[in-house]
1. Apply 1/(1 + (r/R0)^6) to the Cβ-Cβ distance of His127 and Gln393, taking R0 = 56 Å, and write down the FRET efficiency to the nearest 0.05.
2. What does the extension gain come out to for Leu283 and Leu262, with contour length at 0.36 nm per residue minus their alpha carbon separation?
3. Taking the alpha-carbon set of segment 205-247, what are its Rg and Dmax in Å?
4. Please list the non-local residues whose amide H lies under 5 Å from the amide H of Arg102, H modeled 1.01 Å from N, same-chain partners needing a gap of 5 or more.
5. Quick one: what are the phi-derived ³J(HN,Hα) couplings along segment 267-274, Karplus 6.51/-1.76/1.60 with θ = phi - 60°, whole Hz, x for glycine and proline?
6. Once amide H atoms are built 1.01 Å from N in the peptide plane, which residues 5 or more positions from Phe172, or in another chain, come under 5 Å H to H?
7. Please work out the FRET efficiency for the pair Ile429 and Val178, using the Cβ-Cβ distance as r and a Förster radius of 41 Å; give the result to the nearest 0.05.
8. In the structure displayed, which of Lys350/Lys436; Lys117/Lys350; Lys228/Lys374; Lys382/Lys416; Lys253/Lys436 lie more than 19 Å apart, Cα to Cα?
Amino acid sequence: MEYSTTGSPLRYTSMIDPNKELFDSSAPPPASAPPPAPQSAGGSEYEDARERAIEGGSSDTLHLSVTDPKQIGEGRNAHTYYRIDVRQGQYSTDPIASVRRRYSDFQWLFQRLHAEKPGAIVPIIPHTQAVQISKRMSEELIEERRVYLEGFLRKVQVHPELEGAASLAAFFSPDAEVFEAAKKANPGNGADDTTGLEDATPTAKAKESVKHFFVKVGIKAKVARGDKLVETSDGSRMEEVEQYLNTLDNHVKALSKATLYLVNVSKDTSTTMHELGQSLFGLQQTYGPASDATDDEDDADTSEQSKSNLPTLKTISNIFASLSAINKVKHDDNHKKVGAPVHELEWSIKAARLAVKRRKTLQLTYTTYQQQIKNRETNVDKLTKQASVNTVQGSYDAQIVAAQKLLDAAKQSSDKALGELDEVTQRVIREMERFKKDVDQQLRKLYVSHASVQVDYSRQLDSEWNKLLPNGGGGGSGGSMSRQSSKGSGDPETLMI
């Protein structure tokens, strides 16, 4: 989302008051660490521009950061507020505005964006359930949530379908009363069940709402038995969307399982090599030179070992210590560049499914009104036939007029529901076009990153393994090898202990 620096109107300007002092503390706002520069994996200009916008790397883009979590209250009433700073560009030190929001406020925003922009793929907020107070207030969980919440806001910021959402303006408003009023109001979404009955009494409206509810329950039961909802002209395209998501979900689950296994191999290898190195180190001490041996004895032992072309057990244990450390760092790097993106891809699929589900909800509403129209047409016909055979003229006129009014109201509600359904359908179709491009880009970048990690750490691991080979790693003998390994391992003996 771009913001002009030449005086033209800024998006969401109404939600930010740059002259409003929001905090009593005069301390400067905490600066979030600059996000790492995205590494292009041969992607499109569209994707590169989108990433730059999400990270706030441009000087004319508003940069959002979530920082400085503060715990409020104690015991079961304890909760955490996060500070949201809005800056003009990523590296600006002075925020345009700041607000504080708790975790449940972000969840409220997520729900409201779905309600206000049904069919939009709203980014998922990953949620870690914490029942115990100690875990809920742990620094580790709070930091994990902070990272997730910051990523959520940055993606929402550049989302083309979410622009102009009223909940965004309320969420970023520095006026606490405005935000609390928005949460309290929390208006619903969808077609009005009593459209066309504006002049009806509250009792009549309530009865119509109850009838609508039971008709909808009946429709759901029929769908559960295999019936289909009434579809629009874009029904075939929506079927393709659902088939695509089902296929994609199955493939990504298999990819995720295999990829995360590869990521965790380095961690398991690190643990095994550490244990192996410890065992070798202890074994060497069982028959190595005594600590109180004379210099002559040590010199004789060194001379004897130098005749062998094999490294000492102490050297081998030190090398395994280095290999263990390298594999641990490799796992951490691989998890950050590959493991985390795999989970994000799974969350994005879940978000797309939620968007399609919102469209299904509106489709159910439209189908319900269509069924009500059929029911009320039948009722009007029944009353008309009864009136035609009745000898008392006009005895059914009032009932026919009332039934016709209900039929007209159902038709009006159906037309409104169809309009909303068509609008949401088009939004889903637009979203899926972008989604497919994003998924393709994410998958290609993910495995290029995986390959990069393998290449980088393979060189380091090969260098250590070569030290075990006769004349390998630049060593000419076992003794020379031992000295070089000890020198270049960064005191791996300590790692073993």
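The values are calculated or read from the model by the stated rules, or taken from the named source; none is laboratory data. Quick caveat: nothing in here was measured; it's all calculated off a predicted structure. Cβ placement follows ideal geometry from the backbone for every residue including glycine, while neighbour counts extend to all protein chains displayed. Calculation scope for accessible area: heavy atoms of the full protein, side chains included, ligands and nucleic acids excluded. Shrake-Rupley method; radii C 1.70, N 1.55, O 1.52, S 1.80 Å.
1. Values: r = 67 Å, r/R0 = 1.19.
Calculated value: 0.25.
2. Difference between extended and current length: 4.4 nm.
3. Cα-based Rg and Dmax for segment 205-247 come out at 14.5, 44 Å.
4. Tyr82
5. Listing the rounded values in order: 5, 5, 5, 4, 5, 5, 5, 5 Hz.
6. HN-HN under 5 Å from Phe172: empty list.
7. Efficiency computed from Cβ-Cβ geometry: 0.75.
8. Lys382/Lys416
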